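A short write-up of the structure that comes next.
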Amino acid sequence: MDVMPKWADVVLIPLISILLAAILSALVILAIGENPWEALKLMVQGALGSTYGWGYTLYYATNFIFTGLAVAIAFHARMFNIGGEGQALLGGLGVAIICLYIPWPHWTLALLGAAIGAAIFGAAWAAIPAFLQAKRGSHIVITTIMFNFIAAALLNYFLIGALKVPGSMEPASAKFPEAAHLPSFQDMFSFGESTLFRGAPANITFFVAVAACVALWALIWRTRLGYEIRAFGHSESAAKYAGISPTKIIMVAMLISGALAGMMAINNVQGEAERLVLNAVEGAGFIGIAVALMGRSHPFGVFLAALLFGFLYQGGAELALWTSIPRELIIVIQALVILFTGALDNMVRMPLERLFLSMRRAKQ
Amino acid sequence: MDFATLLQMLDATMRLATPLLLACLAGLYSERAGIFDIGLEGKMLAAAFLSAAIAAVTGNVWVGLLAGIGASISLSVIHGLASITFRGNQLISGVAINFLAAGLTVVVAQSWFRQGGRTPQLTDGGRFEPITLPFAEALRDVPVIGPIYYELISGHTPLVYVAVLMVPLTWWVLYRTRFGLRLRAVGENPAAVDTAGVSVITLRYAAVAICGVLCGIAGAYLATALQAGFVKDMSAGRGFIALAALIFAKWRPWYALYACLLFGFLQAMSLRPDVIENVLNFRVNGQLLDVLPYILTVVILAGFVGKAIPPRAGGEPYVKER
């Protein structure tokens, strides 16, 4: 029997962990001589106080949903995919090639094509570490870290070589053709006189991300494959005994993971930049780790955590604009969230379990 | 390529290999004791910042070095708490430490010095100066040996010699002392060590602390010897290259030296594309040189060139039987 009721495991522990991270972040803000309460108000105002702010918050959240889901599905198979960054970079390469070299008649088709291209490129980049883990036992964490660096160099190579606009000094691809541009929230939600989400980068990809959440939920909890992945994650030996092939599960879970990370590129490359630039991912692959940990690897949790991080990102940008608090504060918060919800999980869990045990004893 | 250029390249190799070597040996202690550490990068970065900051404020580089080691050790304590005491996931803890350092260094640097997340340029006394070994001047004109001694062996900052001397010291500690035997045992089979009445927790904390000290020296070297001050993200993936070197060396000290020298040489080459072009008569892509350590490590990990087998209990928290 579980020591704690389910709600405590799913809601209480993450809440306490986030609270701890928030308190420490507030202390950091205090230590550098700013007012944490004022900072929070500024962040809420900047990220949620206007449709413009929401447009940025949801744009960032879309990135983090994809990378968070990528880390989450790998977690279910007890794989730690740190390579989301590299897979998302490669996804961007896929999107750029698809958008630049295929004359798309309409954005709907371009979106479909780019999503497939991004998924294939991302999955391919995850396939090599997955294969090495499954067949040669090379630790997937180390290989995916190495692949992040290799991906960054590869993109660098393409952007100063084959994809660069001739005559331009900037390491970036050409602008995608008009027909491949995705509708932004401004295009979609502005009627008549009122313009909503003016200039914000949020675009239709947000709904693709939401669909991906639902699809992944269905995959994990409503299909045989999802059951096999979870069984493998709980106990490799038991899964083997039940006739589940470890090689297959590692490969499939990592391919899905890489495809999801790669699909982030339809948001940032096709949706926002509308061309491929250097370091397009901007660390979103790593934020996926924090998002997946905080969301307890559940697609719905990932969605909520991605919204929170979208808020933190947009709020942090506003903070950097209006106060002397640099943007890097967000990285500190991100680190604290990873630390408390991931590595120091037992620090919160052990006393809580003791508390629930003694409460149950008192009742009996 | 003439002899002088070769010496220059090898000299640069020494300078660039030093932080890799220190971080690599740091990882070696930790991982040999069964604690995976992908937070080498973050510890180096934190040490680089605090050493540069304190050296800039006090004007004394040795105080700076101590502060850097302190910063690195405090991150080690977090890693120890997470992975030893609270039996958390060591890899996730390492990731958190990397981000903590990447964020905090810039936030603190900005509020402290207001120079866009960097520390002031270090001047005399705030930096490690090259030391000239005895007889270097006198032997300078002796053919071949003279220039090698003068250019390559003499004239480095003290920390370079510290790093090189750490290799035999580490070998001796690991393979010739009781502590080293227990350290290796605790990474392979902690239950056996526990049965022998030796505390697994203490041993692992000791290993993590040594790792912190060495990462601290590596970071201080970056900011106070290799360069003159801290800039944002100055560790630039060196912690991960050190990790790669550690796997390349299969967790052995002497091989760690060779791996770090190799990777340092690759870094030196990518700084001098003109030299390679002259020697090989074609251009080698700079990016390729930069990622070669990572590619080589993946190849080694894949087991195509001899298998890299990590310490058996690595990454597993130890739970005492009751």
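Summary of values
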read-out: Taking N as its residue count, the alpha carbon Rg of region A:58-157 over 2.2 N^0.38 Å; value: 1.14
read-out: For region B:1-68, fraction of C-alpha pairs farther apart than 17 Å, in %; value: 60
read-out: Whole-number D in µm² s⁻¹ for chain B, Kirkwood Cα-pair radius fed into Stokes-Einstein, 10 °C, 1.306 mPa s; value: 78
read-out: Computed magnitude of the charge dipole of chain B (debye, nearest 20; Cβ of K, R +1, Cβ of D, E -1); value: 1000
read-out: 3J(HN,Hα) from dihedral phi, region B:292-299, Karplus parametrisation 6.51/-1.76/1.60, rounded to Hz, x for glycine, proline; value: 4, x, 5, 5, 4, 5, 4, 4
read-out: Cross-link reach list, aspartates and glutamates versus B:K320, counting only Cα pairs under 17 Å and skipping chain neighbours closer than eight places; value: B:E188, B:D194
read-out: Estimated buried accessible area (total), pair A and B, 1.4 Å, Å² to nearest 100; value: 3600
read-out: Fraction of the pair-distance distribution of region A:319-364 above 16 Å, Cα-Cα pairs, percent; value: 60
read-out: For peptides B:35-47, B:81-93, sequence by mean Cβ density within 10 Å, most packed first; value: B:35-47, B:81-93
read-out: Angstrom value of the Kirkwood radius, inverse mean 1/r, which spans all Cα pairs in region A:123-225; value: 18.2
read-out: Förster radius 41 Å - calculated FRET efficiency between B:A192 and B:V63 (Cβ-Cβ, nearest 0.05); value: 0.45
read-out: Relative contact order [Cα under 8 Å, 6+ residues apart], region A:76-225, whole percent; value: 24
read-out: Tally of Lys pairs whose C-alpha atoms are under 28 Å apart, taken over chain A, 8 or more apart or cross-chain; value: 5
read-out: Sparse-neighbourhood loop sites, trypsin sites (Lys or Arg not before Pro) in region A:290-363 - DSSP loop, at most 14 other Cβ within 10 angstrom; value: none
read-out: Cα centre as origin, Lys/Arg/Asp/Glu Cβ charges: the protein assembly as shown dipole, Debye; value: 2180
read-out: Radius of gyration, Dmax [the protein assembly as shown; alpha carbons; angstrom]; value: 25.8, 90
read-out: Members of region A:142-165 that become less accessible by 40 Å² or more once partner protein chains are added (1.4 angstrom probe, chain alone as reference); value: A:I142, A:I145, A:M146, A:F149, A:I150, A:A153
read-out: Whole-Hz ³J(HN,Hα) from phi, Karplus 6.51 cos²θ - 1.76 cosθ + 1.60, for region B:138-145, glycine and proline x; value: 5, 8, 4, 8, 5, x, 6, 5
read-out: Kirkwood estimate for region A:206-364, i.e. one over the average of 1/r between Cα atoms, Å; value: 18.5
read-out: Orientation-averaged projected area, Cα convex hull of region A:236-275 (nm²); value: 3.2
read-out: Per-selection Rg to Rh, region B:169-322 - Cα, Kirkwood hydrodynamic radius; value: 1.05
read-out: Label point 7 Å beyond Cα of B:S74 along Cβ direction - residues of region B:95-115 with amide nitrogen under 16 Å; value: B:97-113
read-out: Residues in region B:25-57 occluded by at least 10 Å² - accessible area, probe radius 1.4 Å, against chain by itself; value: B:F36, B:I38
read-out: Per residue value of the accessible surface for region B:142-233 (all protein chains in place, 1.4 Å probe), Å²; value: 41
read-out: Most fluctuating residue given options A:G288, A:G192, A:G83, as computed from a GNM of chain A linking Cα atoms under 10 Å; value: A:G192
read-out: At R0 = 22 Å, FRET efficiency that the Cβ-Cβ distance of A:V214 and A:L112 yields, to 0.05; value: 0.80
read-out: Calculated P(r) of chain A - Cα pairs past 38 Å, %; value: 20
read-out: Occluded residues from region A:312-340, i.e. those whose accessible area drops by 30 Å² or more once the chain is not alone (1.4 Å probe); value: A:S324, A:P326, A:E328, A:I331, A:V332, A:A335, A:I338, A:L339
read-out: Of A:G295, B:Q121, A:I266, farthest towards positive along the dipole that unit charges on Lys, Arg, Asp, Glu beta carbons give the protein assembly as shown; value: A:G295
read-out: Accessible surface of the protein assembly as shown, 1.4 Å probe, proportion on carbon and sulfur as whole %; value: 65
read-out: Chain A - charge dipole about Cα centre, Lys and Arg +1 at Cβ, Asp and Glu -1, debye rounded to 20; value: 1320
read-out: Cα-based equivalent ellipsoid, region A:43-107: semi-axes from gyration tensor eigenvalues, Å; value: 26, 24, 9
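The values are calculated or read from the model by the stated rules, or taken from the named source; none is laboratory data. Everything numeric in this text was worked out from a predicted model, so none of it was measured. Positions of Cβ are backbone-derived with ideal geometry, glycine not excepted, and every protein chain shown enters the neighbour counts. Protein only, heavy atoms only, side chains kept; ligands, DNA and RNA dropped before computing areas. Shrake-Rupley method; radii C 1.70, N 1.55, O 1.52, S 1.80 Å.
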